[in-house]
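The values are calculated or read from the model by the stated rules, or taken from the named source; none is laboratory data. Nothing here was measured: the structure is a model prediction, and the numbers come from that model. Cβ placement follows ideal geometry from the backbone for every residue including glycine, while neighbour counts extend to all protein chains displayed. Note: accessible area is taken over every heavy atom of the protein model, side chains too, but ligands, DNA and RNA are not part of it. Shrake-Rupley method; radii C 1.70, N 1.55, O 1.52, S 1.80 Å.
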Amino acid sequence: MASSLSGRVEDDEIVYQVSPLLTIYKSGRVDRPLDAVIVPADAADLADSADTAGVSFKDLVISSDTGHVSARLYLPKRVATQARKVPLLFYFHGGGFCIGNPFMRCFHDYVVSLVEQANVVAVSVDYRLAPEHPIPAAYEDAWTALRWATAGATADLWLADHADFDRVFLAGESAGANIAHHTAMRAAKEALHPGSVGLRGIVLVHPYLLGSNPLPSEEINPGMTAGLKRMWEIAYPAGAGDVDHPWINPLAEGAPSLTGLGSRRVLVCLAEEDVMRDRGREYFQRLRESGWEGESELYESPAKGHAFHLLEADSQQRLALDQAICNFLII
């Protein structure tokens, strides 16, 4: 009886919590209540669904070899009847490497809106999450998805028939922006499919970047800053909280040079009230000073905080941010 009681106590003991998003128990159990509130793939079959006004979508498994990697694919309906191919966008959702999936309402609705406005085909990647799958699992899954999709005709007919593989973009917010950066760095070192893929640009929205050197924006909300550092410990326990590891601080001493970024263009999007605003600005400045030969743009949303765009679809700042991203993707 005592042993059974002890087991229940351990199972109920919380070691980390970001309510109501994430609870980690001493036993290893992980609860993500909001991750289960999703838009199902069969919603795409509902003729009167607002989700499908101008965009079709479907889910599929990319790989089950090194972990279950899946994705939601999006296709503008007007593209399905066109002979002209359109850019291919890889989208990586945020959530501190610990929360979220492409099927959640906030991420799904955002990608639908972006796909329809920018007229692109999109692959929203369902990468594995920490703590069950710590870093670098998310990076590996992102790379697996990029390799899979850029195989062209061997991947999916939506991609083979409608995606322009000379206009490939990577995008994401928060942890997703971090993933987009590291995927672009890897693309410069490891061949995708030579002669068939052109990584045209990356969009980094409110990138999840940390560092040991204090920056002014971190004082906007010290509690949030501390929480982001703690979440990195959960995402990368092997690093023992090292916020200067190149994965979370690509500007740290010893990190790979930004000259190796495998993208022709970069758009960095910041939010004025985001605690990581200055990290993103520093990244932009160092990229421009590094000798990297691409084109870079900086966009900042006034009076808004981290990832505001996911919850404020009709705000003027969200509409302006969308327009900046669409302009970047259309070029």
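Inspect all residues belonging to the range 257-276 and state whether any of them is over 19 Å from the mean Cα position of the chain (by Cα), closer than 27 Å to L319 by Cβ, of a type in the set (S, T, N, Q) and part of a loop (DSSP other than H, G, I, E, B).
Checked against the condition, which is being over 19 Å from the mean Cα position of the chain (by Cα), closer than 27 Å to L319 by Cβ, of a type in the set (S, T, N, Q) and part of a loop (DSSP other than H, G, I, E, B), the range 257-276 yields no hits at all.
Within 23 Å of S290 (Cα to Cα), under 21 Å from the mean Cα position of the chain (by Cα) and buried (at least 22 other Cβ atoms within 10 Å of the Cβ): does that describe A163?
no
Just the residues that are in a helix (DSSP H, G or I) and either touching a residue at least 40 places away in the same chain (Cβ under 8 Å) or acidic (D, E) (or both), please, taken from the range 223-238.
Correct list: M224, T225, G227, L228, R230, M231, W232, E233, I234, A235, P237, A238.
Output yes when any residue across the range 114-133 is in contact with a His (Cβ under 6 Å, 6 or more places away or on another chain) and closer than 24 Å to Q323 by Cα, and no when none is.
Looking through the range 114-133, at least one residue is in contact with a His (Cβ under 6 Å, 6 or more places away or on another chain) and closer than 24 Å to Q323 by Cα.
Only one of (1) open to solvent by 20 Å² or more (accessible area, probe 1.4 Å); (2) of a type outside the set (A, V, I, L, M, F, W, C); (3) in contact with a helix residue (DSSP H, G or I) (Cβ under 9 Å, 6 or more places away or on another chain) fails for S257. Which number is that?
(3)
Cβ-Cβ below 6 Å, separation at least six or inter-chain, first residue in the range 112-128 and of a type in the set (V, I, T), second open to solvent by 10 Å² or more (accessible area, probe 1.4 Å) and part of a loop (DSSP other than H, G, I, E, B): which pairs?
Close Cβ pairs satisfying both conditions: none exist.
Looking only at the range 233-254, count every residue that is within 17 Å of P136 (Cβ to Cβ) and surrounded by 15 or more Cβ atoms within 10 Å (Cβ to Cβ) and tell me the total.
The number of residues fulfilling the criteria is 15.
Would you point out the residue of the range 53-83, among those that are under 25 Å from L267 (Cα atoms) and of a type outside the set (A, V, I, L, M), that is nearest to the chain's Cα centre (by Cα)?
The qualifying residue nearest to the chain's Cα centre (by Cα) is R72.
Within the range 152-159, is there a residue that is surrounded by fewer than 23 Cβ atoms within 10 Å (Cβ to Cβ), under 20 Å from A188 (Cβ atoms) and of a type in the set (S, T, N, Q)?
no
Any residue that is modelled with pLDDT under 95 and either more than 17 Å from A149 (Cα to Cα) or surrounded by fewer than 24 Cβ atoms within 10 Å (Cβ to Cβ) (or both) - is there at least one of those in the range 201-208?
No, the range 201-208 contains no residue that is modelled with pLDDT under 95 and either more than 17 Å from A149 (Cα to Cα) or surrounded by fewer than 24 Cβ atoms within 10 Å (Cβ to Cβ) (or both).
State the number of residues belonging to the range 63-116 that are open to solvent by 10 Å² or more (accessible area, probe 1.4 Å), farther than 20 Å from G198 by Cβ and basic (K, R).
3
Within the range 203-213, identify whether any single residue is touching a residue at least 40 places away in the same chain (Cβ under 8 Å), in contact with a strand residue (DSSP E or B) (Cβ under 9 Å, 6 or more places away or on another chain), closer than 15 Å to G262 by Cα and of a type outside the set (D, E), and answer yes or no.
yes
Out of the residues in the range 262-300 that are within 24 Å of L310 (Cβ to Cβ) and of a type in the set (F, W, Y), state the one that is surrounded by the most Cβ atoms within 10 Å (Cβ to Cβ).
Per the stated criteria, the residue is Y283.
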